[in-house]
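Here the structure comes first, spelled out in structure tokens, and everything after it is commentary.
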């Protein structure tokens, strides 16, 4: 009952609201975006140092990619205009093939990251959410700038793009997928079959 | 131009500069991104031929030799890299000055002085041990700072992806290497082969170090020409700080707006 509200009640409910804000369902905040990047980095680090076989590590990467990235929107963007005419089963098949392709292609180089570290430097708001700038220190190399774009437009907090030294992953993969389609004369099914063994 | 008096201090590049300014003026007029993806590549047919040549060179020579070079102990490879890098410091100092970056000029000069003396002619990177920060720049960047346009995309034989502006820069920078063959060279003929040799060794070292990434672009991509062009331009524009305003550049990807948009 409103008349019975005490200071303590108000305090508790605002504390509860603060707790809710920290969960992915609430609007994305800068600290939430930073937190996501920290989690991604920590999980990648855990997988790399787990001492599993290469194949097992790549499988783990695929799981992490699905958990932390907005795979749907990334696949859609990579397919670009050709996706408009795709059937929903083609889209699903492409999504799946694209997910393991990305995990394979970028995960394959994980040895470069053994003994390295990633430090979050700064963050700024972008249209779809937040841009988190990090520096990756690899063994025996000057640091690389790695930037994550994080958004909650998918309904939960996920990253949807990565820039490595200014190279935009989505843009680069869109041109690669486009070239793969061209090679198959625009045959989406043939391209999806190729994608399963690419990367 | 307000920087003209400073340039007089550099008798050697001065003459080349006037030529280059004329050349870069040409580049500006052509600097129109002819495609929606921000890539200006009117010489694509010719570039693709050069790309095929470069790929053959890599497959048959550079890649296998780099793998052999990878067997050389890392200490020796680092020493060769240090030597080559030290020879690039005059270039960094001159270009920093031309860009109005006095701090960069000072640091590059200090690095060169220290590594040439207590670093035993550049074999050891004493300056880094003393935490003197290292940066890299070239005449292509100087031209960008002066406002010259990027020009068309060019894939150069042997040197690989470049632009018209960076190609002019590459030629000019040749004159700021203290050991290369130019009129002011005070070294004897034997030494003139040293810079190209150590520079080649550094390239081989990088080819080996980034082997997985380079192999994936050159040999696993559906269109290695388009991939290397895209990656080179994105990375170079990033280096030159020309993508800072991400809201206005074509790479400001927001797939949530319309993922199908080209």
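Where a number appears in this text, it was derived from the coordinates with a stated rule and is not lab data. Being a predicted model, the structure only gives us computed values, none of them experimental. Quick reminder, even Gly has a Cβ in these numbers, built from the backbone with ideal geometry, and neighbours come from all protein chains shown.
So if I take the centroid of the Cα atoms in the range B:33-104 and the same for the range B:125-162, what is the distance between those two points in Å?
Rounded to whole Å, the Cα centres lie 9 Å apart.
Separation between the residue A:81 and residue A:125 pseudo-spin-labels, each 7 Å from Cα along Cα→Cβ, expressed in nm?
Reported label-point gap for residue A:81 and residue A:125 is 3.4 nm.
State the extension gain, in nm to one decimal, for the chain segment bounded by residue B:76 and residue B:257, taking 0.36 nm per residue of separation less the distance between their alpha-carbons. Present the calculation step by step, with values, prior to reporting the outcome.
Working: separation 181, 0.36 × 181 = 65.16 nm, distance 5.18 nm.
So the extension gain works out to 60.0 nm.
With n ≥ 4 as the cut-off for DSSP H runs, can you work out [θ] at 222 nm for chain A, using -39500 (n - 2.57) per run divided by the number of residues, rounded to the nearest 500?
-16500 deg cm²/dmol
Quantify how strongly other chains surround peptide B:206-216 by giving the mean number of their Cβ atoms within 10 Å of each of its Cβ atoms.
Averaged over the peptide's residues, the number is 2.
Hey, got the average number of other protein chain Cβ atoms within 10 angstrom for residues in A:76-83?
4
Summarise the partner chain shielding of A:125-131 as one whole number: the mean count of Cβ atoms from other chains within 10 Å of each residue's Cβ.
3
Suppose R0 equals 51 Å. What FRET efficiency, 1/(1 + (r/R0)^6) with r the Cβ-Cβ distance, do residue B:158 and residue A:42 give to the nearest 0.05?
0.75
Efficiency by 1/(1 + (r/R0)^6): what FRET value for residue B:131 and residue A:153, r their Cβ-Cβ distance, R0 = 41 Å, to the nearest 0.05?
That pair, residue B:131 with residue A:153, gives E of 0.40.
Once you have the Kirkwood Rh of chain A from its Cα pairs, apply Stokes-Einstein at 25 °C and 0.890 mPa s and quote D in µm²/s.
It diffuses with D of about 131 µm²/s by this estimate.
Sorting B:84, B:230 on the 10 Å Cβ count, fewest up front, what's the list?
B:84, B:230
Simple spin-label model, 7 Å along Cα-to-Cβ: residue A:31 to residue B:53 in nm?
About 5.9 nm, to one decimal.
Along the Cα→Cβ direction, 7 angstrom out, place labels at residue A:117 and residue A:145. What is the inter-label distance in nm?
In this crude label model, residue A:117 to residue A:145 measures out at 2.2 nm.
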